[in-house]
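Below: one structure, written as structure tokens.
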Amino acid sequence: MLSVTDLAVARGGVPVLSGVTFAVERGQALVLRGPNGSGKTTLLRCVAGLQPAISGDISGVEDQIAYAGHSDGLKSMLNVRENLEFWADVFGFKGGIDAALDAFDLVPLADRYAGQLSAGQKRRLGLARLMVTGRSIWILDEPTVSLDTASVQLFAAAVGQHLKAGGAAVLATHIALGLDGARDFDVTPYRARLDVRVGSSDEAFL
Amino acid sequence: MLSVTDLAVARGGVPVLSGVTFAVERGQALVLRGPNGSGKTTLLRCVAGLQPAISGDISGVEDQIAYAGHSDGLKSMLNVRENLEFWADVFGFKGGIDAALDAFDLVPLADRYAGQLSAGQKRRLGLARLMVTGRSIWILDEPTVSLDTASVQLFAAAVGQHLKAGGAAVLATHIALGLDGARDFDVTPYRARLDVRVGSSDEAFL
Amino acid sequence: MSIWEYANPVKFLRVSERVTPWFAWGAGLCLIVGLVWGFFFTPDDFRQGSTVKIIYIHVPSAFLAINAWIMMLVASLIWLVRRHHVSALAAKAAAPVGLVMTLIALFTGAIWGQPMWGTWWVWDPRLTSFLILFLFYIGYMALWAAIEDPDTAADLTSVLCMVGSVFALLSRYAVLFWNQGLHQGASLSLDEEKNVADVFYQPLLFSIAGFVLLFLALVLYRTGTEIRLRRTRALIAREVQHA
Amino acid sequence: MKALLLRDLRLAFRAGGGFGLALAFFLIVVVLVPFSVGPQSDLLGQIAAGVLWLGALLACLLSLDRVLALDWEDGTLDVLATSPLPLEAALSVKALAHWLTTGLPLVLAAPILGVLLNLPSPAFGPLTLSLLLGTPALSVIGTFGAALTVGLKRGGLLLSMLVLPLYVPSLIFGAEAARRGAEGVATDTPLLFLAGITAGVVALMPFASAAALRINLR
Amino acid sequence: MKALLLRDLRLAFRAGGGFGLALAFFLIVVVLVPFSVGPQSDLLGQIAAGVLWLGALLACLLSLDRVLALDWEDGTLDVLATSPLPLEAALSVKALAHWLTTGLPLVLAAPILGVLLNLPSPAFGPLTLSLLLGTPALSVIGTFGAALTVGLKRGGLLLSMLVLPLYVPSLIFGAEAARRGAEGVATDTPLLFLAGITAGVVALMPFASAAALRINLR
Amino acid sequence: MPDLGKYADTVLSAYAVTIALMLGIVVLSLIKGRRVRAQLQSVEERTKHGD
Ligand code: HEM
Ligand SMILES: Nc1ncnc2c1ncn2[C@@H]1O[C@H](COP(=O)(O)OP(=O)(O)OP(=O)(O)O)[C@@H](O)[C@H]1O
Ligand SMILES: Nc1ncnc2c1ncn2[C@@H]1O[C@H](COP(=O)(O)OP(=O)(O)OP(=O)(O)O)[C@@H](O)[C@H]1O
Ligand SMILES: [Mg+2]
Ligand SMILES: [Mg+2]
């Protein structure tokens, strides 16, 4: 359903990755692996359509993407439920809020202002947001940051369920998730070498 | 060298932990464990002197603390080296900058603006900062967030060296670090129970 | 037992519950006597005509507007020194009342100015410093509103109140230096000849008493509200904390 | 759309949402003017109309950084960009929310503050009207500025700098209308121009804003 | 101390550091005044001194949120609080840095802009002098305001609201001095008061600021 | 009703404004007080621990 072919991405004008090619089918999850600075975030933002690719193409993403990056898109002056309701409205997705609260075990915190959550609780809310978008492709950048082991399992379960429901996911993480139907994808081999000409904006000056 | 006795801490006026007692000697590291929202951050901020305890006392911390929290205290418009130099100056600690850069393998990035680092690279810089403070007690809140395995090892090595040099460390994390001389400390048993009166500001109204 | 006993919120609630009505009734009584007497049964002033009747609301409100701020200052100091929550909350509760008093003084004054000085507003020192006082009131309330954590809010607003008071005084002198005014001087002063005539004076005293009592009643009641609000918050927070 | 509008309004009224702050700022600026130019009421009367327009403009300006910056910092904009809502619509809604919480109160307050600066009585009507016609443009243009500067940390001052020149036409016609009102001359020409500017800006600006925002997001 | 000062200055001069923005804002406001109050040069001359003081004050105000907010967001303040440097000193240094990068340029620019508003020639000296004596107070008071509001997201507008009333005395004496200069009257009394305020504020305010900041940090 | 002469509207408007503002603050205080009281009661119902 999502397929990326010969993609090259740049960050701050510097080519970071090139020749990236992969496809993700319904029910599949792709886990990007690679050391810090290898370009995972850049790649994900590009797939999510937040930044343009410098070459190659991405197909099957129109209105399919739900993106969760380093920051969670929460308003500290809205409480947990209100935050979810807002995003549900924006994505025109009815109901499912209680399911989401439940899946990340936020029910006891439902009336708490997001600003009063601990790091991990915030993160959980940020992930619960995905479930009220109704989108089928989840793009997740280091989703498990500052989650404890229990919460990591909650997250794995949520993703698993999403996959079973015919969704797909692309995520970058440094830890083992124990997802079934997940395939690792190491980005290091695709690091843009100096000799490749990928037409990033700096090229003109080289 | 650092000893905490019968400490009670509150967050947003609510008692979170009470009766916390531990001591950390030279060469020792204490690893706080506990699920999300159990109060690790609160405890660390309190030990670091960033927020007042509501009861109990903390000894051996005067001018000994180097604190690294969820955010790194970096200026995105200063390059990596300048960031370190600034903190070295503020803490009146001569030299050691190259050692720090080296320890977290930031030498290749030394002239990069901090704003242009990837999540993990930023984090590494934030940790390298600790080494130029010359302080003997490191207080670290989830130091390994978004670090890859290699960097986690760099970090472990740095802490180990610090301990060998007669330093101490208190850190909160959800992952295994493989530090020797490290002791786990589960905060869950100390969660402030309803019946305990710890004199937090809300008490007056209960 | 010391006065500080009442700094215990629960005890304060109990006591204020009992005394507030008395203040309220007293206020009503004095206001009715003062204003009715002043409005219906005093002659017109030979210069100011019937507008002199405005004095019965203008002066008390102005008087309270100033003293409300002073009371807030004291309460803030008590909070900073002795950390008694009630006093912090009392300061918070008093601010809007003081603000309203300031508004009343400003409006009545402005309306009075129209016939007397031929204009709604002049930049007379006293009027100006009142306007500045008004600014301090809104700043203080805005800060309270902006901060979530109640203790932080109490501390910061107290600091602001102290610093603000100093600057309010500075401004007063600055303004005096800046412009000389039309406004009457203190005529409640004790030396008789430059004082307002007794016919106006006695009802004025009543209405001042009325305003003061009303202010006290309002502050007591609102403080109670603030305490309950805080207690609610504390209970909820604790509930969630241990959910 | 509705969800977004309601949320923005709700956030504005929540603690720290800063509703009414622009109003207070307006008041303060107006109060400071006599301190700086002196208390002579005839002089004040002459400059009153201009001061009120300028003050309203500045107050509006200062509240601009709230329009987008918060949503940027907490990643809301990233998600909005991947949401079914077109960015143009989202930005128009945000501009509307900004006007409702900032511009409108300023319009209502202006006549009262006019008294303080003893604004000539015939000028009250034209002043209020011109503000009513002019302020929506300020919000929309401001949103464009916010979209341009959203990436930058503390872009507030830069934002003001970029936006102020764009405000000049509205300011000129608005203040002109108010001044003519003060002199009892016919005010409809400047008001007409003012309305024209506002209409054009409201219709076209959102596209520019959306474009700018898309560039900033990548 | 020195490290902090140098770093703040360096950051101010780096791209996006916003050096010169205050200056530009000052310029724009001064330019907008004729648009709003009308072009009659005698009228402008009368209000020039006041406008310049007010403009400088606003420009300084707008740059205040940079003083602490950035350091707060990226956790620098947390570390500073645990560093050997006492907060009072740190805040004084930051105020100084702010004055050097904002106040001083404004002082130097004021006379030039005075020409635009045809400020009466005898007023130039007193105006510059009064600004030179007055602006340090603005920076220090502003730092206090920043310390009060640093926790709040986008506290910019609230900050202005809290700080402006505290600026009143300085403004009054400063503008008074400039105006008296314009009329050729002796200006030393207001200048004396102005200097007094500045001295007192510089000496005492940092303690209040540090107290406020400590409260915010916990 | 005393004859207020030519200043009638002045005096009356002054009194009107005052009464309006006073009633305003009083009523607002009462409303908020009521609301908070009710809220507190409900919460106290919910949380029946030994206070
Ligand atoms: C907006 C305009 C005005 C304001 C803000 C204002 C404010 C004040 C203030 C602050 C006081 C002192 C109260 C006290 O310290 O006990 C006062 C008293 C008084 N005002 Fe006004 N005033 C205004 C207009 C007027 C006008 C137009 C008149 C009549 C011509 C007037 C007549 C008086 C009198 C007779 C007193 C009592 C003197 C005293 O007890 O100090 N005021 N006003
Ligand atoms: N501003 C606040 N007001 C009220 N409660 C808060 C506030 N911030 C955090 N809390 C609560 O205090 C508790 C402790 O938070 P803390 O951040 O210390 O947990 P933590 O152990 O660090 O969790 P994590 O592992 O997710 O970082 C949590 O239950 C949280 O919900
Ligand atoms: N604004 C920027 N300008 C220039 N280069 C940048 C910028 N931001 C990131 N980079 C560089 O681009 C490369 C890819 O960054 P990216 O954030 O994609 O890495 P990542 O795989 O997400 O790393 P991490 O696992 O630490 O998040 C890194 O080498 C980084 O240094
Ligand atoms: Mg990344
Ligand atoms: Mg934490």
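The values are calculated or read from the model by the stated rules, or taken from the named source; none is laboratory data. Small disclaimer: the values here were computed from a predicted structure and weren't measured. Please note: Cβ atoms are built from the backbone with ideal geometry, for glycine as well, and neighbour counts cover all protein chains shown.
Taking the options E:Asp78, E:Asp74, E:Asp42, name whichever one is more than 8 Å from every other protein chain (Cβ to nearest Cβ), surrounded by fewer than 23 Cβ atoms within 10 Å (Cβ to Cβ) and either more than 23 Å from D:Leu158 (Cα to Cα) or among the acidic types (Asp, Glu) (or both).
E:Asp42
Given the options A:Ala176, A:Ala169, A:Ala165, A:Ala156, name the one that is surrounded by fewer than 20 Cβ atoms within 10 Å (Cβ to Cβ), within 23 Å of A:Val20 (Cα to Cα) and away from ligand 2 (no atom under 14 Å from the Cβ).
A:Ala176
Filter the range D:49-66 down to the residues that are small (Gly, Ala, Ser) and within 9 Å of chain E (Cβ to nearest Cβ) and list them by number.
Result: D:Ala49, D:Gly50, D:Ala59, D:Ser63.
Do the conditions hold for B:Ala114, that is, is it more than 23 Å from E:Asp8 (Cβ to Cβ), within 16 Å of ligand 3 (Cβ to nearest atom) and within 14 Å of chain A (Cβ to nearest Cβ)?
No; evaluated as a whole, the condition is false for this residue.
Can you pull out the residues in the range B:15-32 that are surrounded by fewer than 22 Cβ atoms within 10 Å (Cβ to Cβ) and under 25 Å from E:Ile215 (Cα atoms)?
Scanning the range B:15-32 gives a single hit, B:Gly19.
Residue by residue through the range D:184-211, note down the ones that are away from chain A (no Cβ under 14 Å), aliphatic (A, V, I, L, M) and under 14 Å from D:Ser92 (Cα atoms).
Scanning the range D:184-211 gives D:Ala199, D:Val201, D:Val202, D:Ala203, D:Leu204, D:Met205, D:Ala208, D:Ala210.
In this structure, is E:Pro105 touching an Asp or Glu at 6+ places or on another chain (Cβ under 7 Å) and surrounded by fewer than 21 Cβ atoms within 10 Å (Cβ to Cβ)?
Judged against the criteria, E:Pro105 is not a match.
Just wondering, is there one or more residues in the range A:151-170 that are within 16 Å of ligand 4 (Cβ to nearest atom) and over 30 Å from C:Thr232 (Cβ atoms)?
Yes, the conditions are met somewhere in the range A:151-170.
State whether one or more residues within the range C:133-142 are in a helix (DSSP H, G or I), farther than 21 Å from E:Val168 by Cα and away from ligand 3 (no atom under 16 Å from the Cβ).
So far as the range C:133-142 goes, no, none of its residues is in a helix (DSSP H, G or I), farther than 21 Å from E:Val168 by Cα and away from ligand 3 (no atom under 16 Å from the Cβ).
How many of the residues making up the range A:132-176 are more than 21 Å from A:Ala48 (Cβ to Cβ) and hydroxyl-bearing (Ser, Thr, Tyr)?
Number satisfying all stated conditions: 3.
Name the residue, out of E:Ala22, E:Ala69, E:Ala3, that is within 14 Å of chain B (Cβ to nearest Cβ), assigned to a helix (DSSP H, G or I) and under 18 Å from the mean Cα position of the chain (by Cα).
Going through E:Ala22, E:Ala69, E:Ala3 in turn, the sole match is E:Ala69.
From the list A:Asp89, A:Asp72, A:Asp105, A:Asp63, pick out the single residue that is of a type in the set (D, E, K, R), within 12 Å of another protein chain (Cβ to nearest Cβ) and within 16 Å of ligand 5 (Cβ to nearest atom).
Residue meeting the stated conditions: A:Asp72.
Could we say that E:Arg214 is within 14 Å of chain B (Cβ to nearest Cβ) and not in a loop (DSSP other than H, G, I, E, B) here?
Considered against the rule, which asks whether it is within 14 Å of chain B (Cβ to nearest Cβ) and not in a loop (DSSP other than H, G, I, E, B), E:Arg214 comes out as yes.
Kindly indicate whether any position in the range C:40-52 is β-branched (Val, Ile, Thr) and not in a helix (DSSP H, G or I).
Yes, there is a match, as at least one residue in the range C:40-52 is β-branched (Val, Ile, Thr) and not in a helix (DSSP H, G or I).
Only one residue in D:Gly145, D:Gly134, D:Gly181, D:Gly125 is more than 10 Å from chain E (Cβ to nearest Cβ), in a helix (DSSP H, G or I) and surrounded by fewer than 23 Cβ atoms within 10 Å (Cβ to Cβ), so which one is that?
Criteria check complete, one pass: D:Gly125.
Hey, can you tell me all the residues within the range C:34-49 that are more than 17 Å from C:Gln202 (Cα to Cα) and either at the interface with chain F (Cβ under 9 Å from one of its Cβ atoms) or touching a residue at least 24 places away in the same chain (Cβ under 8 Å) (or both)?
C:Gln48, C:Gly49
Residue pairs, Cβ under 6 Å, 6 or more apart or interchain, first in the range A:104-120 and more than 16 Å from ligand 1 (Cβ to nearest atom), second of a type in the set (Ser, Thr, Tyr) and modelled with pLDDT under 85. List them.
Pairs that qualify, where the first residue is more than 16 Å from ligand 1 (Cβ to nearest atom) and the partner is of a type in the set (Ser, Thr, Tyr) and modelled with pLDDT under 85, are A:Ala114/A:Ser76; A:Gly115/A:Ser76; A:Ala119/A:Ser146; A:Gly120/A:Ser146.
Considering only residues of the range C:98-111 that are in contact (Cβ under 8 Å) with a residue 12 or more places away in the chain and surrounded by fewer than 23 Cβ atoms within 10 Å (Cβ to Cβ), which is nearest to the chain's Cα centre (by Cα)?
Here the residue is C:Leu99.
Can you pull out every residue in the range A:25-75 that is more than 13 Å from ligand 4 (Cβ to nearest atom), assigned to a strand (DSSP E or B) and closer than 18 Å to A:Leu177 by Cα?
Matches in the range A:25-75: A:Ala29, A:Leu30, A:Val31.
Filter the range C:70-85 down to the residues that are in a helix (DSSP H, G or I) and surrounded by fewer than 24 Cβ atoms within 10 Å (Cβ to Cβ) and list them by number.
Matches in the range C:70-85: C:Ile70, C:Met71, C:Leu73, C:Val74, C:Leu77, C:Ile78, C:Leu80, C:Val81, C:Arg82, C:His85.
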